[in-house]
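The values are calculated or read from the model by the stated rules, or taken from the named source; none is laboratory data. The structure presented is a predicted model; accordingly, all values stated were derived computationally and were not measured. Cβ: placed from backbone, ideal geometry, glycine included. Neighbour counts: every protein chain shown.
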Amino acid sequence: MTTVERSERLGDPDDRGLVSIDQFLATDGEHEARLPRTLVGWLTTTDHKALGIAYILTSMVFLAIGGALAGVIRAELAEPGLQVVSAQTYNGVFTIHGSVMVYLFAVPFGFGLANYLVPLQIGAPDLAFPRLNAFSYWLYLIGGAVMLLGFVSDGGAAGFGWFAYPPLSGAAGSPGLGADLWIVSILLTGTSGTLTAVNVIATVTMMRTPGMTLFRMPILTWNLFITAFMVLLAFPVLSGALLMLEADRQFGTHFFDPGAGGSAVLWQHLFWFFGHPEVYIVALPFFGVVTEIFPVFSRRPVFGYKGLVLATLAIGALSTSVWAHHMFATGEVVLPFFALTSALIAVPTGVKVFNWIGTMWSGSLTFEAPMKFALGFLITFVGGGVTGVMLASPAIDFHLTDTYFVVAHFHYVMGGTVIFAMFAAIYFWWPKVTGRMLSERLGTIHFWMLMVGFNMTFFVMHLLGRNGMPRRVADYPSVDGIEGMNQIASVGFVILAASFIPFMISVVRSLRSPATAGADPWRANSLEWATSSPPSAHNFTWLPPIRSERPVFDLRWINHDGVGALSDSEAWRARQDHDEQWLPLHPFVGEQGDEPVESTETIDESGSPTGPAS
Amino acid sequence: MTARFPALPPPITEQAVDADGVWSLYLWIAYGVAALVAILMVWVIVRYRRRTDDLPPQKHYNIPVEVLYTILPLLAVVGLFAASFSTIRAIDRTEEAPDLVVDVVAFQWQWEFAYPASGVRVAGTDTTEPVLVLPASSTVRFDMTSRDVIHSFWLTPFRFKRDIIPGRPASFSVNIGDAAGSYPNAGVCAEFCGLDHALMRFSLLVLEPAEFAAWLAEQPTDSPVVVEEPSP
């Protein structure tokens, strides 16, 4: 790589000609980060960063609760017979485990990412509707608490599985208050999600900084944007169905009551019309996370950026036409149509996998903790993806649906991928949020324990399901293979749970150390790294010019030929006098006090060597 | 890992044999895809590990490669779909005139099997699972109803299950092969149906056609029969 002569270098580069982001940032303390310091402050904050942290912490608490419930499940299944809990408690435990993980952990964690990162990635000071955002968060928290109240209500928590098929979820099938609390809880969190989706769409549409065209947005923002549309499509359907179910239970309607002319199948259609997009609502933000991480630790641009965006759009579109593959065994759906659409969704998904590998291909890879977890995500995702294609064929699905094979499948695609990508995100953005680094050594231990524990727990479930173990059973016949496999899964769960210990140690140590990470510890790409860590109030005191999807990368490597959207120092100099977006750079590269002048001269964007913008 | 799986009996119907054929095909393709991605990952991790601090090539697209890796998966999944299409149709077909019709009634948390042509009914007790008795080498249709919530009639040697939704009688048929024998624990309720869902199991006993006819003729028709559970 050629380097320009030192005298021509821009900014204040180091020996290799790399520009450091920190030198551009205000250091006067005027714009220092201010998270709320009091309880009242937290209760009344509308700052997207504070609410983002609140979302993520809350969802992690729900992850711990859901994980504890999973522990009860694995303890009960470690041996045949009922040892730990009664059948009724068990049914409540797996119902709330699934509901907490899906509704209260995975989706809200994605909303937390959207809260914290979307404004930063598009150069905005906050979300479009900050007070609506605060309202969404409190609805979510209250909704989650309502669900857990089921455990102390008369008759125990709802015990009909996270998809609540009537008539079992009707007044006769589940008479207790727990079922009503469950319905109200999902209504509240669903409404919260819908409002957040509106907020994200408005923010991305209206608040991008000048130069941030749609095709220069980071892929994470793209994915959260598309996720928000899917939320708008899917969540209201669920809310409607839940209101119908609650009316059946409490107000004497008969939407889903076959005894009075209602239809139990109607619920399944409505639920899965929400339920399958929901899978991608959970997954897409995490696809976005790893798409931010692979390029940084490969020092490469995202490979096939536009193809990746199109693949995400295709997944979003296809996900609305595959729902009935959850209903193959009902005999009530057109098998070939839904088999084909379900199989087709593997195509854009496969494209993503190859894009990720293409990003790393011919790169310069390092394996810090975020990269390790992103690679863990990739392995887990492929493992769950291939079984997804198998289940898309009714000939196979008839045997495997409602067994542990399906449990294994969705714990790979919705459990493992989410957990791995979640930790990739935490390790990656932790320095941005806290200004401190997490330990690499503990991160490595954490990664390998999670990898071993996760696969040990869930891989054997494929075999269990294929060999005849149905899901949602508190007990199973004492057959050698089945019993042994369940014991392996239960031991695996202990390792999986223990993997959180090194992480917690790392978190505590990091928070007690000084905040010295700097603005851009990973030498990353997108705009959130162009502000201090933690970001200042209203995020930015300065923005680099945005000429590709990697504005921070472009600036850092500006002194290197062939790198950066504006590789040419002449272009830089030509630009600085008449582009207001460049004004903050003047102290470093231009004469101070120049008045910006209007000019029609523009840089030809198509000439940029890395920008995907046309 | 030495754990065996005595739990899964061999496929005993034509449909089950077909389904296992599709399963094997998909399984090998799945292994292939997983191996391909694993090899690519190991390759990039080993080959492109950071060795110098130089910036690697910044090429960010390659249209022919991108088209290729869109088309190939498309062909693969459409091919897989086509390969399983005829099996889907065959499995989903319901026989109008089978050798035997069995009425299956599912309720919380038991099964009752009736042979309407002869008036015999088989049930379980509070402590024993019911036993479904079927003739080998014949075509059987199951007409199924539920009395309360949704259940699912799953016989592992059939590699098939069908949900039984209250208010919606369901049917399916199978061609049982020459598979006389006893299949303990082969029958499972696969749709979660409440408190004792886990205990809602049954066993399968397949008799030679002559033996089956004799057995059926011996049974009383006035009350449900409890069949001795086949020994495992």
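Please verify whether the range A:317-329 includes one or more residues that are among the β-branched types (Val, Ile, Thr), buried (at least 22 other Cβ atoms within 10 Å of the Cβ) and at the interface with another protein chain (Cβ under 9 Å from one of its Cβ atoms). If you could, list the steps in order and put the result at the bottom.
Filtering the range A:317-329 down to residues among the β-branched types (Val, Ile, Thr) leaves A:320, A:322.
After this cut, where a residue has to be buried (at least 22 other Cβ atoms within 10 Å of the Cβ) as well, the list is A:322.
Now narrow it down to the ones that are at the interface with another protein chain (Cβ under 9 Å from one of its Cβ atoms): none.
No, the range A:317-329 contains no residue that is among the β-branched types (Val, Ile, Thr), buried (at least 22 other Cβ atoms within 10 Å of the Cβ) and at the interface with another protein chain (Cβ under 9 Å from one of its Cβ atoms).
Which residue pairs have Cβ atoms closer than 7 Å, lie 6 or more positions apart in sequence or on different chains, and pair a first residue in the range A:460-481 that is farther than 23 Å from B:Ala16 by Cα and touching a residue at least 60 places away in the same chain (Cβ under 8 Å) with a second residue that is of a type in the set (A, V, I, L, M, F, W, C) and in a loop (DSSP other than H, G, I, E, B)?
A:Arg472/B:Phe192; A:Ala474/A:Leu82; A:Asp475/A:Leu82; A:Tyr476/A:Met469
Only one of (1) in a loop (DSSP other than H, G, I, E, B); (2) surrounded by 23 or more Cβ atoms within 10 Å (Cβ to Cβ) fails for A:Ala515. Which number is that?
Of everything listed in (1) in a loop (DSSP other than H, G, I, E, B); (2) surrounded by 23 or more Cβ atoms within 10 Å (Cβ to Cβ), A:Ala515 misses just condition (2).
Condition check ((1) surrounded by fewer than 24 Cβ atoms within 10 Å (Cβ to Cβ); (2) among the aliphatic types (A, V, I, L, M); (3) without any contact (Cβ under 8 Å) to a residue 60 or more places away in the chain) across all residues:
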| residue | (1), (2), (3) |
| --- | --- |
| A:Thr46 | yes, no, no |
| A:Pro80 | yes, no, no |
| A:Val85 | yes, yes, no |
| A:Phe109 | no, no, no |
| A:Leu132 | yes, yes, no |
| A:Phe135 | yes, no, no |
| A:Ala145 | yes, yes, yes |
| A:Phe151 | yes, no, yes |
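Identify all residues within the range A:259-301 that are more than 13 Å from chain B (Cβ to nearest Cβ), more than 18 Å from the chain's Cα centre (by Cα) and over 18 Å from A:Phe160 (Cβ atoms); write none if there are none.
A:Phe273
Going by the structure shown, is A:Phe163 within 14 Å of chain B (Cβ to nearest Cβ), under 30 Å from A:Leu308 (Cβ atoms) and either in a helix (DSSP H, G or I) or at pLDDT below 95 (or both)? Steps first, answer last, please.
On the way: within 14 Å of chain B (Cβ to nearest Cβ): yes; under 30 Å from A:Leu308 (Cβ atoms): no; either in a helix (DSSP H, G or I) or at pLDDT below 95 (or both): yes.
No, not satisfied.
Quick one: A:Leu168 ticks every box in (1) away from every other protein chain (no Cβ under 12 Å); (2) crowded, with 21+ Cβ neighbours inside 10 Å bar one, so which box is it?
(1)
Considering every residue within the range A:395-418, establish whether at least one is in contact with a strand residue (DSSP E or B) (Cβ under 7 Å, 6 or more places away or on another chain), within 14 Å of chain B (Cβ to nearest Cβ), among the aromatic types (Phe, Trp, Tyr) and under 27 Å from B:Ala76 (Cβ atoms).
Within the range A:395-418, one or more residues are in contact with a strand residue (DSSP E or B) (Cβ under 7 Å, 6 or more places away or on another chain), within 14 Å of chain B (Cβ to nearest Cβ), among the aromatic types (Phe, Trp, Tyr) and under 27 Å from B:Ala76 (Cβ atoms).
Tally time: how many residues in the range A:230-254 are in contact (Cβ under 8 Å) with a residue 40 or more places away in the chain and not in a helix (DSSP H, G or I)?
Going through the range A:230-254, the residues in contact (Cβ under 8 Å) with a residue 40 or more places away in the chain turn out to be A:230-231, A:233-236, A:238-239, A:242-243, A:245-246, A:248-250.
Then keep just the ones that are not in a helix (DSSP H, G or I); that gives none.
Qualifying residue count, the range A:230-254: 0.
Please determine whether any residue of the range A:355-370 is buried (at least 24 other Cβ atoms within 10 Å of the Cβ), assigned to a helix (DSSP H, G or I) and more than 10 Å from chain B (Cβ to nearest Cβ).
Yes - at least one qualifying residue is present in the range A:355-370.
Can you tell me which residues in the range B:166-185 are more than 8 Å from chain A (Cβ to nearest Cβ), assigned to a strand (DSSP E or B) and either out of contact with any Lys or Arg (no Cβ under 8 Å at 6 or more places or on another chain) or not polar (S, T, N, Q) (or both)? Break it down into steps so the answer makes sense when it comes.
Within the range B:166-185, the first condition is being more than 8 Å from chain A (Cβ to nearest Cβ), and the residues that meet it are B:169, B:171, B:173-184.
Still in the running and assigned to a strand (DSSP E or B): B:171, B:173-176, B:181-184.
Answer for the range B:166-185, where residues must be more than 8 Å from chain A (Cβ to nearest Cβ), assigned to a strand (DSSP E or B) and either out of contact with any Lys or Arg (no Cβ under 8 Å at 6 or more places or on another chain) or not polar (S, T, N, Q) (or both): B:Val174, B:Asn175, B:Ile176, B:Gly181, B:Ser182, B:Tyr183, B:Pro184.
Need at least 2 residues that are closer than 30 Å to A:Trp272 by Cβ and within 14 Å of chain B (Cβ to nearest Cβ) per element, so show me which helices (runs of 4 or more DSSP H) inside the range A:33-112 make the cut, counting only ones lying wholly within it.
Details: elements: A:39-44, A:48-77, A:87-99.
Per the criteria, A:48-77, A:87-99.
Here is a yes/no grid of residues against (1) modelled with pLDDT under 95; (2) buried (at least 22 other Cβ atoms within 10 Å of the Cβ); (3) under 27 Å from A:Ala369 (Cβ atoms):
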| site | (1), (2), (3) |
| --- | --- |
| A:Ala392 | yes, yes, no |
| A:Met414 | yes, no, yes |
| A:Ile419 | no, yes, yes |
| A:Thr434 | yes, no, yes |
| A:Arg441 | no, no, yes |
| A:Leu450 | no, yes, yes |
| A:Phe454 | no, yes, yes |
| A:Arg466 | yes, yes, no |
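Could we say that A:Thr380 is closer than 30 Å to A:Glu483 by Cβ, surrounded by 24 or more Cβ atoms within 10 Å (Cβ to Cβ) and either within 19 Å of the chain's Cα centre (by Cα) or more than 9 Å from chain B (Cβ to nearest Cβ) (or both) here? Break it down into steps so the answer makes sense when it comes.
On the way: closer than 30 Å to A:Glu483 by Cβ: yes; surrounded by 24 or more Cβ atoms within 10 Å (Cβ to Cβ): yes; either within 19 Å of the chain's Cα centre (by Cα) or more than 9 Å from chain B (Cβ to nearest Cβ) (or both): yes.
For A:Thr380, the condition - closer than 30 Å to A:Glu483 by Cβ, surrounded by 24 or more Cβ atoms within 10 Å (Cβ to Cβ) and either within 19 Å of the chain's Cα centre (by Cα) or more than 9 Å from chain B (Cβ to nearest Cβ) (or both) - is met.
Hey, can you tell me all the residues within the range B:66-88 that are β-branched (Val, Ile, Thr) and either at the interface with chain A (Cβ under 7 Å from one of its Cβ atoms) or touching a residue at least 24 places away in the same chain (Cβ under 8 Å) (or both)? Show your work before the answer.
If we filter the range B:66-88 for residues that are β-branched (Val, Ile, Thr), which is where we start, we get B:67, B:70-71, B:77-78, B:87-88.
Within the range B:66-88, B:Thr70, B:Val77, B:Thr87, B:Ile88 meet the criteria.
Mind listing just one residue for me: the one in the range A:330-351 that is more than 10 Å from chain B (Cβ to nearest Cβ) and of a type outside the set (Val, Ile, Thr) and, of those, nearest to the chain's Cα centre (by Cα)?
Only one residue tops the list, namely A:Phe338.
If B:Ala136 satisfies all but one of (1) within 14 Å of chain A (Cβ to nearest Cβ); (2) among the aliphatic types (A, V, I, L, M); (3) in contact with an Asp or Glu (Cβ under 9 Å, 6 or more places away or on another chain), what's the number of the condition it fails?
Among (1) within 14 Å of chain A (Cβ to nearest Cβ); (2) among the aliphatic types (A, V, I, L, M); (3) in contact with an Asp or Glu (Cβ under 9 Å, 6 or more places away or on another chain), the lone unmet condition for B:Ala136 is (1).
Being at the interface with chain A (Cβ under 7 Å from one of its Cβ atoms) and at pLDDT 90 or above is the filter here, so list the residues in the range B:28-55 that pass it.
Answer for the range B:28-55, where residues must be at the interface with chain A (Cβ under 7 Å from one of its Cβ atoms) and at pLDDT 90 or above: B:Ala30, B:Val33, B:Ala34, B:Val37, B:Leu40, B:Met41, B:Val44, B:Ile45, B:Tyr48, B:Arg49, B:Arg50.
Go through (1) under 20 Å from A:Lys432 (Cα atoms); (2) modelled with pLDDT of 85 or more and name the single condition A:Thr44 misses.
It fails just one condition, (1).
For the range A:132-190, which residues satisfy the criterion of being aromatic (Phe, Trp, Tyr) and farther than 30 Å from B:Arg147 by Cα? Walk me through it before giving the result.
Residues of the range A:132-190 aromatic (Phe, Trp, Tyr): A:135, A:137-138, A:140, A:151, A:160, A:162-163, A:165, A:182.
Result: A:Phe135, A:Tyr137, A:Trp138, A:Tyr140.
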